[in-house]
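Heads up: the structure comes next, in structure tokens.
Just so you know, all these numbers are worked out from the coordinates, no wet-lab data involved. Bear in mind the structure is a predicted one, so any value in this text is a computation, not a measurement. FYI the Cβ positions are ideal-geometry reconstructions off the backbone, even for glycines, and counts take in every protein chain you see.
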Amino acid sequence: MEVKSTTKYVRLSPKKARDVAREIQGLPVSSALDILTFTPKKAAFHINKTLKAAMADAENNFSLSAESMVVKEAVIGAGPVLKRFMPRAKGSAGGIRKRTSHISITLAEAPEAEAKAKRVHVSTKAAATEA
């Protein structure tokens, strides 16, 4: 089972956020939270919030244990760009691009948790057919 959470229009450059997102891909949720908590970047705060939202969705909407989840993918997409201008010499103007990001995090069950769930499911099926 996969759970996806998205935060849109974050006032942060996607290029800067991707560096932080690459660090947590493939890690268990607890390790990813530890890394994000102690990473001194603005992107870590927003990715941490999105990860916690995905964990809450997994627990409340799908009755999954957050401890058994793994960060399958953390994708940072480009959002709309706010265009501003700054005055320059001799009456000209220079452009300023204020970039935004869309953060998407997908959580999946850990492979050993899936295997355990399948074993329980198969054993309950066998018990039902025997009875």
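Structure above, values below:
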{"quantity": "Those residues of the range 6-51 which are among the hydroxyl-bearing types (Ser, Thr, Tyr), closer than 15 Å to residue 77 by Cβ and over 13 Å from the mean Cα position of the chain (by Cα), in sequence order", "calculated": "9, 13"}
{"quantity": "Count of the range 28-45 residues which are surrounded by 14 or more Cβ atoms within 10 Å (Cβ to Cβ), in contact with a helix residue (DSSP H, G or I) (Cβ under 7 Å, 6 or more places away or on another chain) and not β-branched (Val, Ile, Thr)", "calculated": "6"}
{"quantity": "Among (1) of a type in the set (A, V, I, L, M); (2) touching a residue at least 60 places away in the same chain (Cβ under 8 Å); (3) surrounded by 15 or more Cβ atoms within 10 Å (Cβ to Cβ), the one test that residue 1 misses", "calculated": "(3)"}
{"quantity": "Lone unmet requirement of (1) assigned to a helix (DSSP H, G or I); (2) buried (at least 18 other Cβ atoms within 10 Å of the Cβ) for residue 103", "calculated": "(1)"}
